[in-house]
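Enquirer: Just passing along the structure, written as structure tokens.
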Amino acid sequence: MLDETADLPLILQGAPDTTEFRKLRKRIIRETRAVIEQYGMIEQGARWLVCLSGGKDSYTLLAALIELKWRGLLPVEILACNLDQGQPNFPATVLPEFLTRMQIAHRIEYRDTYSIVVDKVPQGRTYCALCSRLRRGNLYRIAREEGCSAVVLGHHRDDLLETFFMNLFHGGRMATMPPKLLNEDRDMFVYRPLAFVPEDDCDRFARAMNFPIIPCDLCGSQEGLQRMQVKALLDEWEKRSPGRRNVMFRALMNVRPSHMPDPQLFDFLALARGAKRPPDPNAPPDLTL
């Protein structure tokens, strides 16, 4: 599938010519394609606003989508977008220069949400929640102005896992970021095509491609973030039991409502004694009894 061709898009040229990298690239493309197809993201003739922060994840997302489009597997128009939120020392020229050099259609938008966040968030509190709301509102606006039907984000498998545990530990609910979401106004999809891709694969891919990574000094500079604590916990579990992250993510895709105590998920009141259903030969072993 990933045979080298002279007419590769510019963003894919210069890739390392090693077996290891080709396997990595093939895995990312396969998993991205699987998410897009499994969650029904393709609408013929659609236009996607692909959000580019300058981090490893969004670069990986953009490259994967461009490759799928180049291979005829993603019949949508791609518009890359960076929202410059006015963070101090943000290198504002890096992304427009990169996107222009790669001949990728793009829009750069400046909105000083940083000043709003700093003004509104009390001392000692983290910026993430308000920053995310302001960013998302602007991205919806830009998508509407550009005639896009979807805002496409670079959240990967580990982001989904971390969000699940943050909700579990701090929010008292079992929820995460879904690969496909309809916004509150119901006029825009939010897609996360990297939902099956591990963070480590994004990191290795972006570094191997030598993309100009921009760190997030706004959020990453704050100590004691709940997400960082959860990430450290998952790292420790993975270290002790390699493959644990993958097992936990599979669990998110294998929910059994009748074995959860939420009466809104399953009608326990309607349960009645009677003939047992025949066992499903394809069902995994029941470890809950």
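The values are calculated or read from the model by the stated rules, or taken from the named source; none is laboratory data. Owing to the predicted nature of the structure, the values given are computational and were not obtained by experimental measurement. Positions of Cβ are backbone-derived with ideal geometry, glycine not excepted, and every protein chain shown enters the neighbour counts. Please note that ligands, DNA and RNA were not included when accessible areas were found on the heavy atoms of the full protein model with its side chains. Shrake-Rupley method; radii C 1.70, N 1.55, O 1.52, S 1.80 Å.
Enquirer: How many residues does region 148-173 hold that are in contact (Cβ under 8 Å) with a residue 12 or more places away in the chain and under 19 Å from Lys231 (Cβ atoms)?
Expert: Final tally of qualifying residues: 16.
Enquirer: For region 95-124, name all the residues that are farther than 16 Å from Arg47 by Cα, open to solvent by 40 Å² or more (accessible area, probe 1.4 Å), not polar (S, T, N, Q) and not in a strand (DSSP E or B).
Expert: Glu97, Arg101, Arg111, Asp112, Tyr114, Ile116, Val118, Asp119, Lys120, Pro122, Gly124, listed by residue number.
Enquirer: Could I ask something else about it? Which condition from (1) closer than 22 Å to Gly243 by Cβ; (2) in a helix (DSSP H, G or I); (3) of a type outside the set (Val, Ile, Thr) is the one that Arg207 breaks?
Expert: It is condition (1) that Arg207 fails.
Enquirer: Among residues belonging to region 53-66 that are over 15 Å from Arg25 (Cβ atoms) and open to solvent by less than 20 Å² (accessible area, probe 1.4 Å), point out the one that is farthest from the chain's Cα centre (by Cα).
Expert: Gly54
Enquirer: Could I ask something else about it? Just one of the numbered conditions (1) assigned to a helix (DSSP H, G or I); (2) open to solvent by less than 40 Å² (accessible area, probe 1.4 Å); (3) without any contact (Cβ under 8 Å) to a residue 24 or more places away in the chain is not true of Arg133; which one?
Expert: With respect to (1) assigned to a helix (DSSP H, G or I); (2) open to solvent by less than 40 Å² (accessible area, probe 1.4 Å); (3) without any contact (Cβ under 8 Å) to a residue 24 or more places away in the chain, Arg133 is out only on (2).
Enquirer: Could you list, in sequence order, the residues of region 75-103 that are in contact with a Pro (Cβ under 9 Å, 6 or more places away or on another chain), within 22 Å of Val197 (Cβ to Cβ) and free of Cβ contacts under 8 Å to residues at least 60 places away in the same chain?
Expert: The answer is Asn82, and nothing else.
Enquirer: Just give me the residues in region 120-158 being aromatic (Phe, Trp, Tyr) and either in contact with a strand residue (DSSP E or B) (Cβ under 8 Å, 6 or more places away or on another chain) or under 24 Å from Ala195 (Cβ atoms) (or both), in sequence order.
Expert: Listed by number, the list holds a single entry, Tyr140.
Enquirer: Hey, does region 29-46 have a residue that's open to solvent by less than 10 Å² (accessible area, probe 1.4 Å), under 30 Å from Pro91 (Cα atoms) and polar (S, T, N, Q)?
Expert: So far as region 29-46 goes, yes, one or more of its residues are open to solvent by less than 10 Å² (accessible area, probe 1.4 Å), under 30 Å from Pro91 (Cα atoms) and polar (S, T, N, Q).
Enquirer: Checking the conditions here, which among Lys23, Lys69 is of a type in the set (Lys, Arg), surrounded by fewer than 17 Cβ atoms within 10 Å (Cβ to Cβ), without any contact (Cβ under 8 Å) to a residue 12 or more places away in the chain and under 26 Å from Ile142 (Cβ atoms)?
Expert: Only one candidate qualifies: Lys69.
Enquirer: Still on this structure: In region 241-263, how many residues are of a type in the set (Lys, Arg) and over 24 Å from the mean Cα position of the chain (by Cα)?
Expert: Adding up the residues that qualify gives 1.
Enquirer: What number of residues within region 136-167 satisfy the criterion of being of a type in the set (Gly, Ala, Ser) and assigned to a helix (DSSP H, G or I)?
Expert: Of the residues in that region, 2 qualify.
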